[in-house]
1. Show me, for the range A:319-325, the HN-Hα J-couplings you get by feeding each phi into the Karplus relation (A = 6.51, B = -1.76, C = 1.60, θ = phi - 60°), rounded to Hz, glycine and proline as x.
2. Counting only the backbone N, which residues of the range C:145-183 are under 12 Å from the spot 7 Å out from the Cα of A:Met332 toward its beta-carbon?
3. Along its principal axes, what span do the Cα atoms of chain C show, with the longest given first and each in whole Å?
4. Over all distinct alpha-carbon pairs, what is the Kirkwood Rh of the protein assembly as shown in angstrom?
5. With a cut-off of 8 Å between alpha carbons and a minimum separation of six or more residues, what is the relative contact order of chain A in percent?
6. With N residues in the range B:241-282, what two-decimal value do you get for its Cα radius of gyration over 2.2 N^0.38 Å?
7. Specify the longest stretch of chain C that does not include any exposed loop site, a site being one of the trypsin sites (Lys or Arg not before Pro) with a non-H, G, I, E, B DSSP assignment and at most 14 other Cβ atoms within 10 Å.
8. What's the FRET efficiency of B:Leu328 with C:Lys298 using the Cβ-Cβ distance as r and R₀ = 60 Å, to the nearest 0.05?
Amino acid sequence: MVDSVQAIAKERAAELLEQIGPETAREMLQVMWATRAFEEKAEELYGLGRTHGTMHLSIGQEGSAAGANYALRRGYDYLLNHHRGHGHMMAWGSDVNRTMAEFLGKEGGYCRGRGGSMHIADVERNNLGANGIVAGGIPIAVGVGLSIKLRKTDQVGIVMFGDGAANEGAFHESLNMAAVWDLPVIYYCENNQYAMSMAVERAFTVEHISQRACAYNIPGETVDGNDVLSVYDAVSRAAARARAGHGPTLIEALTYRWRGHSRSDRQLYRTRDEIKEWQEKDPIPRFEARLLEAGFITEEEAKAIRDAGYQRIEEAVAFADNSPDPDVATLMDGIYA
Amino acid sequence: MAKEIIMPKFGFTMEESTIVQWLVQEGAVVEQGDPICEVTTDKINMEVEAPADGIIAGIRYQAGDVVPVTDIIAWVIQEGEQVPDMPAPSKIPASTAEPAAPAPVPAANAAPASSNNVAATPIARRMAEAEGVDLSQVAGSGPEGKITREDVERYLQDQSAAGGKVRATPAARRVAREHSLDLAMITGTGPRGRVQEVDALAAAANKTRPAAAGTMAAAPMVSIVPSGEPQIIPLEGMRRTIAQRLQASYQQAPHILFTIDINMSKANEFRKYANERVPEGQLRISMTAIIVKATAWALRRYPIVNSYLMDDRIMIMPDVNVGMAVALEDGLIVPVIHHADQKGLMQIGSEVVDLSERARTGHLRPQEVADGTFTISNLGMYGIDQFTSIINPPQVGILSVGRIAKRFVPGEHDEPLALPLMTVTLAVDHRVIDGAVGANFLTAVRDALEEPASVLL
Amino acid sequence: MPEPRELTYMEALREGLRQAMETDERVFLIGEDIGVYGGAFGVSAGLIDQFGGERVIDTPISEAGIAGAVTGAAMTGMRPVGEIQFMDFVTLSMEQLVLQAAKVRFMFGGKATVPFVLRMPGGSGTGAAAQHSESLENWFVHVPGLKVVMPSNAYDAKGLLLASIYDDNPVIFIEHKLLYKTKGHVPEEMYQVPLSSTNVAREGTDLTVVATSVMVQRALEAAAQLAGEGIEIEVVDPRTLLPLDDAPIIESVKKTGKLLIVHEAVGTGGFGGEIAARVAASDAFDYLDAPIRRLTGKDMPIPYNRMLEYHTVPQVENIVEEARKLAQGAY
């Protein structure tokens, strides 16, 4: 079980908070609460039979999402998401209403009900979608990077993936190509210790996935994925590197998912104690603590932010409930341009 | 290679021919086209011609012999050749000679030659002829294995059940539909005997079989007139069949004609009365239905008019099946209202409508044109006052109905009355029906129409 | 009358690529050995000299990466033309093509567009054996969201390539190795041959031959031979297999009543089945005067031995024989 990683230096943390500023910091905290609320609500809705298919909850990983996305110019840079991606959707700043509507398969969803949880995209804001295929977005990120280079903009692309994806062939092909061409892409691995049931110790011979960066001669870094500022730090630096034309970075964020892989996971592969252990490293109270310490919020405000996060999700569900089902007459829309 | 000389078939109903005299002898040297014997059928004399250059040999029939059509009567051989071995023919035709070459058969009324040798009732034979059924394929249930009408019907039913389907390409089926052809009667030249489009087209064009020698000439080829070109319409298909039948009927049946004017006032009233009582949504009763009914009633009273003349026998038919001539684009077809005397007006009316429609779209079933015992032809809708039709053999009568139109006739006191009159002309076969009978029958029809209530009695 | 301008199929493709890149900076090439090497079959020869390594991008051996690269670049404003060196290797790109490129637009509710062309040479006849001779077009025909194009001659090669580059969908562009050196009239200007536009390559009356890729050329040769026997075959080239313009095929079969489908790919599960089913379900059914016949690659891998290879796929004499039999009513 890998969890020993250097914590971010106090000075650096303070510096970052300064950079982020109280307003954005509060926003980030609320996004994290909203993410948690979204996931809990998703779980509830699924249990009530109001949604179907499969669902991958990121409860416990909210810090990784907030830290990574807010370190970039959301809506200008590019995001390629993975299947456990509701948190990234929220952190990228996508409309919660339309995200919830898509989750429920409604016409008012981002994808008009055609994509569902695993394929939610907000293309207009350069959110190029979640992906139902493990490592599916990794080669696409190469293309995004090439496009940025050829168009000569200062955009950056980030592709989210999990520990399991790091063993797909496409991961290796893509990191190699991105490295060879110095593409402005951040390869961001959320290592939550398990692929589906396969623990990382059984799937890797390296201690840190970030070690694989050396195979491609690019910088690799492992951070505490449950510390928003550690993540923010790593991604900011990687983005700066990319913008300077120095190519890709592999970041490994150590985190944990509190729930099973998906709804049908009986979690026979891990212990309750382990889950509890990680729950004590809950990213939300940790970030809250930082903000309190920095004087960005009061206790009351903290509570209000939490409530606002949950309230936002209630609104989103109401929106989604009012959104109609897609019209069968439009069944074959959108296959071809 | 010895070339067969076969007894050709000149007319579509022709089944046998009598040799009048041989024009050459055994051993004579002939050229292709030379007349070699004279034959007669139905009082028509024809010549049989040599099909090739060579020597006449193996003459099998003598003058006076009755020969089944397509039977071999002799051969043309070359120097040094032998006549093939064949059993001597008996008076009762027993050969199984095949026609010279297989070819598409005309659509209607051509039973395979092998039907000739099988015992069957005249009705069965007629039905088989109409459906192109080979009687040798039919099991007979009558006395001594004679094939009855029911046997042929059963055979047809079996054929149309799965397994008896005709092998034909979609294109051939389309052509058959378009020309109202029965696929089962078209010889297929495709693999495994499949009917190809070209076969269906040929059937539609009704090419004659290439017979050996001396066949009746095909439609005469008109030479092109330099000063202008007449439009040539070969006598083919349905037109040709109709032509042949009409000619045969006209030549063989001595027609006598009776014309009468019928006052249709009461029939008109009756029709109005009846239609007021027709339930919502049901078809209105037409005058045609009333005329059919009246005729059927009259036929019951004069059964001799409801008979067939076949094989020198008059057969008074048990059922009254009235046929109605329906005009088609390129000819005529006669769907039949079976048991017209027993059906009510509404039923007759709806059958009239249904059959006419399907006649026009080419969707009649074979049994719907079979077994007619009397025919009505109506040109009233064409504005014709009076006309005559030719009897449809083996029936012995046909009624031609003109239009109903107001005419002035003198009343009881010689006052002019404008009455709706319909002129009908009855033609009957004088071999079966004499003047008095014909007249009585026709007046019965008139009475039925002038006093419709009397039909109820 | 000046001589019609003739280029080889390969030169026509190169000219199309060059002209697209000259006029549109969104177009770039990416593939293995396409730079200095000029491409395994020479299609991109010289282009790196004109456009530089930035726009004629050599890749490591990473077909999944190539497919992902063209997908991602196309999603973010470019019009890439990727190359898979042999159609056989596209099997390594399948996830990106089938699950990403083909479906992204649909899954995102009609939002994204993925305008790329992925070129690849397919087919046998070069003695390259089973793993370098594939004809897998029907795999892609089976994936809605993709377009599948197979040019059969030089004129169509350039025109279809330009049309594909400017189509807003991912296009699988399948060339044939044996066609690269064939010549045809190729106008100098930029022109497009519309996608989904079936071509009647030769008019005839006795039967319809629908053929793809190199089989079109073979069918035309067969037609010339058969004309000497009085049999006139109509040769129909779909050019785009997906989406298929089937109306001219149906009209042709209505006219001739007989259909022979010729393709190199294995018969079972091949594109011929699709055409046969469409024709049988159409208006043309009532005009069929014989069973629909297919002449295809045999259900087997391509063998190494040249003579065996020759007998594995339809050749001109096979087409002649089959067409003659069909025309003469053997079936």
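1. 4, 5, 4, 7, 6, x, 5
2. Of the residues in the range C:145-183, C:145 have backbone N under 12 Å from the label point off A:Met332.
3. Extents along the principal axes: 59, 48, 45 Å.
4. The answer is 37.8 Å.
5. Here the relative contact order equals 25 percent.
6. That ratio works out to 2.17.
7. It runs C:6-180.
8. It comes to 0.70.
All of the numbers you see were taken from the coordinates with simple rules; none came from a lab. The shown structure was predicted, so the numbers you read here are calculated from the model rather than taken from an experiment. Backbone-built Cβ (ideal geometry, glycine too); neighbour counts: all protein chains shown.
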